[in-house]
Amino acid sequence: MKTGFYTNPIYLEHDTGSHPENANRLLAIQERLESGGLMDKLEVRQGRSATTAEIKMLHAEKLISEVEIASESGAHSLYTQDCVISTQTYNAALHAVGSVLDAALEVAERRIDNAFCAVRPPGHHAEYETAMGFCFFNNVALAAEFLTKNMGFLRVLIFDFDVHHGNGTQHFFEERSDIYFVSMHQDPRTCYPGTGFADERGNGAGSGYTLNVPVPPGMEDEEYLQTFYANVHPKLQEYKPDFVLISAGFDAHRADPLASLNLTEHTFRELTVELKRLAEKSAGGRLMSLLEGGYDLNALASSVEEHLTILQTED
Ligand SMILES: [Zn+2]
C-alpha cells in the first residue's frame with residue numbers, strides 16, 4: 001500500500017523540556033521506523049503550515065492569538081504547566097494541523113492509500129477557545145471539519161483509542177450526525193480529563209453519534225478487545241463511514257507512565273486491522289491516522305511500528 005508518513009522537523013522545536021510530551025517521542029518513532037526498515041516503504045512527506053483561516057474553521061480567534069503571543073513572548077506555559085510552551089510552539093502547532101490537512105486531502109483524492117501523521121503538539125483535548133492537556137489546536141477535529149465541509153464527505157468516523165477521553169473532539173461534534181466520535185479510554189473517574197462517561201451520547205441532531213466506552217484501570221488485551229468487539233465494532237459497521245480518522249494515542253500501553261491500562265502492541269495491531277478493514281468496506285480504503293499520546297519511548301516506537309506495518313501491508 002501507498003502509506004503516507006507526515007512529519008516536520010519543526011515539531012522537535014516545540015520544546016517542553018522534561019515534560020513527558022517532548023520531542024524525544026518523535027525521535028524514538030523515527031529511529032525505530034528507520035532501523036526496522038519500514039521508513040523506506042513509506043511515502044515520507046513534510047507537512048506544511050496551516051493558515052490561521054484553517055484553524056478558524058473550528059477554533060476561536062482568542063485561542064489562536066493566545067498561543068501566538070505566549071510563544072513569541074517567551075512564556076513557559078499557557079495557563080498551567082499542562083500546556084508547556086516555547087518560542088516555536090505556535091509554529092509547530094500550525095504545522096501539525098497543516099500535516100493533518102494535507103494527509104486528509106491526499107487520502108481523500110486517493111493519491112495515497114492511507115496515512116499516519118507523526119505530529120506534535122497533539123490535539124484531542126483542545127477545545128474551541130481553550131488549550132488543555134498538552135494540546136493547542138485540535139488536529140483531528142480540523143481534519144474532520146475539512147473533510148465534511150470542504151470535501152463533501154457525509155459520514156466521517158473519528159476513532160480515538162488514546163487512553164484519555166478526547167473531550168475537545170467530542171465537544172466540537174456532539175450536535176452533528178456527519179461526524180461520529182467514538183472513544184475507548186480509561187474510566188474518567190480514575191483518569192484525566194474526567195469526561196467521557198457512557199451516557200455522553202451526543203445531543204440534538206447528534207444524538208447517538210457520540211460513543212464513549214470507558215474501561216477500568218488494569219484492563220488487559222483480551223478483555224479490552226472483547227469490549228471492542230461487543231460494544232464498538234457493530235456500531236462502526238452500522239455507521240458505514242465514508243472516511244476513517246484515527247486519534248492514535250498509544251498511552252493505554254502497559255508501560256505508559258501516565259495511565260493505568262495494561263495493553264500491549266497486540267491490541268493496537270488488532271484495532272488497526274479492524275479499522276483498515278472497515279475503511280476498505282465502506283470508505284474506499286480512506287483512512288488517516290495521527291499521533292496523540294504515548295509517553296514510554298520504547299512502547300510508543302514499537303506500537304507505532306505495528307500500527308504502520310498494518311496500514312502499509314497489502315491485504
Ligand atoms: Zn492520552
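Quick note: the coordinates plus some simple rules give every number you see, no bench work behind them. Everything quoted here is computed from the prediction, not taken from an experiment. Here the Cβ positions follow ideal geometry from the backbone for every residue, glycine too, while neighbour counts run over all protein chains shown.
Report, in deg cm²/dmol and to the nearest 500, the calculated mean residue ellipticity at 222 nm for the chain, where each DSSP H run with n ≥ 4 adds -39500 (n - 2.57) and the sum is divided by the residue count.
-11000 deg cm²/dmol
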- Run the numbers on region 3-312 and let me know its relative contact order in percent, using alpha-carbon pairs under 8 Å that are six or more apart. 19 percent
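Please work out how much length the chain gains when fully extended from E175 to L154, using 0.36 nm per residue of separation minus the C-alpha to C-alpha distance, in nm with one decimal.
Result: 6.1 nm gained on full extension.
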- Message: Under 15 Å between alpha carbons, and skipping anything fewer than 8 positions from K62 in its own chain: which aspartates and glutamates qualify?
- Response: E54, E127, E129
- Message: Among the listed pairs K56/K281; K56/K240; K41/K276; K235/K276, which have their C-alpha atoms separated by more than 26 angstrom in this model?
- Response: K56/K281; K56/K240
- Give the percent of DSSP beta bridges with both residues in region 3-312 that are antiparallel, rounded to the nearest 5. 10 percent
- Query: Which translational diffusion coefficient, to the nearest whole µm²/s, is obtained for the chain from the Stokes-Einstein equation, given a Kirkwood hydrodynamic radius over C-alpha pairs, 20 °C and 1.002 mPa s?
  - Reply: 113 µm²/s
- Query: Which residue, E127, E68, E305, tops the fluctuation ranking in a GNM of the chain built on C-alpha contacts under 10 Å?
  - Reply: E68
- Query: Points 7 angstrom from Cα along the Cβ direction at A60 and V273: gap in nanometres?
  - Reply: 4.5 nm
